[in-house]
Amino acid sequence: MSLDSAEASPSSSRDWFFPSPSFIHSTSNSPQSPNYPRKFSTIPRHSRSSHTDWKPPKTSTFRSVSSSGSAAYGDPKYGRVRRRIELRRREKMAKQEKEDPVLEQKRDVSKAVSGVKTAIGEMGIRDFGQRVKIRWQMASYIAILITAFGSLVHKNFSLHNQVIDLQDQISTMNIRLQACNTSDTFDTISILQEGDHLSSKGLKILALTVSIALLSMPLFVFKYIDYISKFRSSYNCSEKVSLNKQLEYRVDVLLSVHPYAKALALLVATLMLICLGGLALFGVTDDSLADCLWLSWTYVADSGNHANSEGMGPRLVSVSISFGGMLIFAMMLGLVSDAISEKLDSLRKGRSEVVEQNHTLILGWSDKLGSLLNQLVIANESLGGGIVVVMAERDKEEMELDIAKMEFDFRGTSVICRSGSPLILADLKKVSVSKARAIVVLADDGNADQSDARALRTVLSLTGVKEGLRGHIVVELSDLDNEVLVKLVGGELVETVVAHDVIGRLMIQCARQPGLAQIWEDILGFENCEFYIKRWPQLDGMQFEDVLISFPDAIPCGVKVASRGGKIILNPEDSYVLQGGDEVLVIAEDDDTYAPGALPMVWRGSLAGDFIVPKLTEKILLCGWRRDMEDMIMVLDAFLAPGSELWMFNEVVESERERKLIDGGLDLSRLVNITLVHREGNAVIRRHLESLPLESFDSILILADESVEDSAIQADSRSLATLLLIRDIQAKRLPYREAMVTRGQRGSFSRGSWIGEMQQASDRSVIISEILDPRTKNLLSMSKISDYVLSNELVSMALAMVAEDRQINDVLEELFAEEGNELHIRLAELYLHEGEEMSFYEIILRARQKREIVIGYRLENAERAVINPPNKNERRRWSVKDVFVVITEKE
């Protein structure tokens, strides 16, 4: 724009002012200095404040200060000065046009630049209301201007010197006009800065308002919910649950059902606190929103960071955020602590899952567990140890403490305890029931019917496992009548061991054959020799008579016949020939300690005397009452000779006894060999026992009475007291001469000792005590006054054997049954002469003449029998007072 146009149109006489660097440096930092030229202000303070309709233009990305000086050109006070300066500039420019035509081109460039700047300034003033839109337009104009200016500079680079001269002249003229433009320039700058400040302040107020509104929103929501609940309750009286209680219930369900709901709620609360705190800080500080959000996070993470805040507003907000951060941190610590405590509590209480396979699983807890674990540990010793898992409805720590008190070496076997119910499928899956190789269900201590009912429900739960069972189930029952029902439910998976029936039959066998209890302990337990079944192809086509002497380290007892569906035949005929697929049942120390060898040359010989053992009448006393008394009576009637007497001494009234026996299935009219004699009294009262002819009985069976059988210690105490009273009464009734002879033979105790007297009485009759607690065994073993039966330990041994190999259960059932084969103790005089020298193989072949299998012997002066003796082909001298243990058919 030329000077003429500026004079002709004063209203558009605004020009762009480009201050020099020296001027900007000298004036930009001292607007309020004492030397500041206030007198050049073109607009008075009162007139500027009165222009309420005027608004500053939107500030562009670059700030030009020359446009602010356009107001000075319209002021008449400085008109003469302005015309004089413009006239001098015009004359000088005319001279330069004559001297150098390049100035004309530069002037056009300057005019174009001034025109663009003027257009931009005017457009900024007109469109101030559209600040957002102008910002983008100015950015585009600036880009165009920079491009055009760069192109012109590139084209006219050769005229660089002339442009410098022209700029010097313009600088000189600007210096002259600085007095007029300085005041208005800084006023415009302050107005623009004030506009930006107002815009930023509006955003901060909005952010602070939003944060306060969001913080107060939950309060209004709760108040509204409470109002709605009261309104509904007053409007509809039938609604008993208010809305706020329903919401509380939904929140409780959400937090309890979903495992990660608490952590997710804590995360959402943390993010909301950071966002709201960042907005509040943005409203009270001059920082950007991103910096405020980061600062809010630092306050949440570390509450001590708010100490550096300055000002009332920032301090109040920072303290609030820090307080919320402390609450968040406390909740996080609570969640982490609860999670760790829950995990530790789960491990402590045995709620974690067992990740094992081919392990032995025991369900339940009873007094037999210690003996059962001991037998399983011994069985796993040859394998380097194993895994036994115990699950019962007890605390895991209590189970581990009780197992740790058991006095035996675990020998590499790990015992894992878990707390749970075998009736719950989830608990069964927790112990990997589908991968167990054997499952043992123990009977509960207490009522027999309730214990068997629980065992039945456990079998139902086991058969309901979806994954199926890899191993078999061994169930301990208390009543023989419930065996059929359990097998019906479990099918082929179930093997049953009726503890009461087993113990009752063992007591009868041991009463008739003193010393048989120790032999059963050796055979049933894994500590010595036990039953094993294995296939030996090299024995196919061989007769059983030759198989008997083919194993140097084992004694064959039977054959598992493949052609008969795997049925086990104990004591088969000598002429039986092994076929393909047949397996041999032997008694050996371990499953890997025996193998068939070369067939030895053995001289058979002939029996020494008459093999017929006559049956003699017996007189037996039963002290106490068992719930399976009718079964014991039927077994005794089958075993005893005709004319035998069975005395029953207990506290049950005689009429009640007959009723119980009949209810149990006993037909008294069918008893052939025995006669029942009833006596009523208490077995622990001496005067009641003295009314019995104790010295005349061949065998006395002291039973664990039904009234105290739930407590092993109480039952054993009662049995032990009865035993001592009976022996003392017997000793007092013996003649002195016979007592002296017996004491001289024993010589173990002094003549006046009470144990010595009772030992003398024990030579006249056999007393079998049913012992439940293994600790009582030591007392009876020391005194040697009774041939005892350790019932719980024998049942545990049987359970362990069946758990290791379910086929052994068929062998045990036949040995305990009324028919078939059984264990017997035979005198040596039935097989040999006094002082005859023979090998054990020769004795085996002699016993086969009466179809018996000799499995061991006990020498005359030995305390224990030897089962499966070594060096069977070695000859030795025998005595007729020795005894042999044989498997033979029941007589």
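Descriptive notes on the structure:
- Counting residues in region 618-640 that are farther than 30 Å from ILE771 by Cβ and crowded, with 17+ Cβ neighbours inside 10 Å gives zero.
- Filter result for LYS732 (open to solvent by 50 Å² or more (accessible area, probe 1.4 Å) and either modelled with pLDDT of 70 or more or aliphatic (A, V, I, L, M) (or both)): yes
- Hey, ILE555 assigned to a strand (DSSP E or B) and within 30 Å of PHE697 (Cα to Cα) or not: no
- Residue count for region 320-361, restricted to those that are outside any loop (DSSP other than H, G, I, E, B), crowded, with 18+ Cβ neighbours inside 10 Å and under 18 Å from the mean Cα position of the chain (by Cα): 1
- Any hit, region 363-383, residues being among the β-branched types (Val, Ile, Thr), surrounded by 20 or more Cβ atoms within 10 Å (Cβ to Cβ) and not in a helix (DSSP H, G or I): no
- Residue-level check: of (1) over 18 Å from SER769 (Cβ atoms); (2) in a helix (DSSP H, G or I), ARG718 misses just (1).
- Criterion applied to ARG806, ARG858 was being crowded, with 17+ Cβ neighbours inside 10 Å, touching a His at 6+ places or on another chain (Cβ under 7 Å) and modelled with pLDDT of 90 or more, and the one residue passing it is ARG806.
- Extreme residue, surrounded by the fewest Cβ atoms within 10 Å (Cβ to Cβ), among residues of region 506-546 that are out of contact with any Phe, Trp or Tyr (no Cβ under 9 Å at 6 or more places or on another chain) and β-branched (Val, Ile, Thr): ILE533
- Answer residue from region 652-670, given it is surrounded by fewer than 16 Cβ atoms within 10 Å (Cβ to Cβ) and in contact with a strand residue (DSSP E or B) (Cβ under 9 Å, 6 or more places away or on another chain) and is nearest to GLU709 (Cα to Cα) among those: VAL653
- Annotation note: of LEU281, LEU254, LEU273, the sole residue that is part of a helix (DSSP H, G or I) and over 14 Å from SER211 (Cβ atoms) is LEU254.
- Test for VAL389: is it among the β-branched types (Val, Ile, Thr), open to solvent by 30 Å² or more (accessible area, probe 1.4 Å) and under 30 Å from GLU530 (Cα atoms): no
- Here GLU757, GLU770, GLU793 are screened, and the one residue that is surrounded by 20 or more Cβ atoms within 10 Å (Cβ to Cβ) and modelled with pLDDT under 75 is GLU757.
- Members of region 671-706 that are open to solvent by 80 Å² or more (accessible area, probe 1.4 Å) and free of Cβ contacts under 8 Å to residues at least 24 places away in the same chain: ARG687, SER691
Residue by residue, here is whether (1) small (Gly, Ala, Ser); (2) under 45 Å from the mean Cα position of the chain (by Cα) holds:
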| position | (1), (2) |
| --- | --- |
| ALA265 | yes, yes |
| LEU273 | no, yes |
| CYS292 | no, no |
| VAL300 | no, yes |
| SER303 | yes, yes |
| GLY311 | yes, no |
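For (1) more than 16 Å from PRO556 (Cβ to Cβ); (2) under 52 Å from the mean Cα position of the chain (by Cα), each residue gets a yes or a no:
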| position | (1), (2) |
| --- | --- |
| LEU830 | yes, no |
| TYR841 | no, no |
| GLU852 | no, no |
| ALA862 | yes, no |
| ILE867 | no, yes |
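Okay, residues lined up against (1) at pLDDT 90 or above; (2) touching a helix residue (DSSP H, G or I) at 6+ places or on another chain (Cβ under 6 Å); (3) farther than 23 Å from ARG718 by Cβ:
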site: VAL584; (1), (2), (3): yes, no, yes
site: VAL602; (1), (2), (3): no, yes, yes
site: LYS615; (1), (2), (3): no, no, yes
site: VAL635; (1), (2), (3): no, yes, yes
site: SER655; (1), (2), (3): no, no, yes
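- Candidates ARG876, ARG864, ARG851 - the one that is open to solvent by 10 Å² or more (accessible area, probe 1.4 Å), charged (D, E, K, R) and in contact with a Lys or Arg (Cβ under 8 Å, 6 or more places away or on another chain): ARG864
- Residue check for GLY515: within 27 Å of ASN374 (Cβ to Cβ), modelled with pLDDT under 95 and over 47 Å from the mean Cα position of the chain (by Cα): yes
- Among residues that are outside any loop (DSSP other than H, G, I, E, B) and modelled with pLDDT of 75 or more, LYS777 is not included.
- Residue satisfying all of: in region 296-319; outside any helix (DSSP H, G or I) and not acidic (Asp, Glu); surrounded by the fewest Cβ atoms within 10 Å (Cβ to Cβ) among these: GLY311
- Options LEU823, LEU812; residue that is touching a helix residue (DSSP H, G or I) at 6+ places or on another chain (Cβ under 9 Å) and not in a strand (DSSP E or B): LEU812
The values are calculated or read from the model by the stated rules, or taken from the named source; none is laboratory data. Just so you know, these numbers come straight off a predicted model, no measurement behind them. Note that each Cβ is placed from the backbone with ideal geometry, even for glycine, and that neighbours are counted across all protein chains shown. Each accessible area value is taken on the protein alone, full model and side chains, heavy atoms only, with ligands, DNA and RNA left out. Shrake-Rupley method; radii C 1.70, N 1.55, O 1.52, S 1.80 Å.
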